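K.L.:
Handing you this structure, nothing more for now.
What follows draws every value from the coordinates through simple rules; no lab data is involved. Here the structure is a predicted model, which means the values were calculated and not measured. No Cβ is skipped: glycine too gets one built from the backbone with ideal geometry, and neighbour counts run over all protein chains shown.
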Amino acid sequence: MRFREFKDGWTLKSLGEICEKTKSGGTPKSTIKEYYEGNIPFLSISDMTIQGKYLFSTERNISELGLKSSASWIVPINCISFDFI
């Protein structure tokens, strides 16, 4: 797909050349209840699998403690999140 506004030829670039930040996350330990009693939407592979291209909600939320106790991170507004599966 190509947007009408783009008239120039295609340029091949690696993700590292066009991304400001690339990072993988990590799931907070599911056996610790306090990690999942929060209001921070937690994006999982299953959310992406079920909802497809555009996501409007997540199945689970995590707490600040869950965020700090894992490799999870908050994706800023107007950013893209994707999976290589």
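K.L.:
In the range 38-85, what trypsin sites (Lys or Arg not before Pro) fall in a loop by DSSP, with at most 11 other Cβ atoms inside 10 Å?
P.N.:
Passing both the DSSP loop test and the Cβ count: K53.
K.L.:
Under the rule that an exposed site lies in a DSSP loop and has at most 10 other Cβ atoms within 10 Å, name the longest stretch of the chain with no GluC sites (Glu not before Pro) of that kind, not counting the sites themselves.
P.N.:
Values: sites that count: E5, E20.
After excluding every exposed loop site, the longest remaining stretch is 21-85.
K.L.:
Given the options S57, S24, F3, identify the residue whose Cα lies farthest towards the positive end of the charge dipole of the range 1-71 (+1 on Cβ of Lys, Arg; -1 on Cβ of Asp, Glu).
P.N.:
Ranked along the dipole, the leading option is F3.
K.L.:
Just to be sure I understand the model, the point goes 7 Å from the Cα along the line to the Cβ. What's the resulting K53 to I32 distance in nm?
P.N.:
It works out to 3.9 nm between the two label points.
K.L.:
Where the only charges are on Cβ atoms (+1 Lys, Arg; -1 Asp, Glu), what is the dipole of the range 1-64 about its Cα centre, to the nearest 20 debye?
P.N.:
Roughly 280 debye, rounded to the nearest 20.
K.L.:
Could you work out [θ]222 nm for the chain from helices alone, using -39500 (n - 2.57) per DSSP H run of at least four and dividing by all its residues? Round to the nearest 500 deg cm²/dmol.
P.N.:
Dividing the helical sum by the residues of the chain leaves -4000 deg cm²/dmol.
K.L.:
Moving on. Restricting to DSSP loop positions (anything but H, G, I, E, B) with no more than 13 other Cβ atoms inside 10 Å of their own Cβ, which chymotrypsin sites (Phe, Trp or Tyr not before Pro) remain in the chain?
P.N.:
F3, F6, W10, Y54, F56, W73, F82, F84
K.L.:
Once Rh for the chain is found with the Kirkwood sum over Cα pairs, what is the Stokes-Einstein diffusion coefficient at 4 °C and 1.567 mPa s, in µm²/s?
P.N.:
85 µm²/s
K.L.:
Further question on the same structure: Give, in nm to one decimal, the length gained when the segment between I77 and K21 is fully stretched (0.36 nm per residue of separation minus the Cα-Cα distance).
P.N.:
18.8 nm
K.L.:
Below 13 angstrom from the Cβ of G38, what's the summed charge of the other residues (Lys, Arg +1; Asp, Glu -1)? Could the numbers behind the result be given before it?
P.N.:
Details: positive: K33, R60, K68; negative: E34, E37, E64.
It works out to a net charge of 0.
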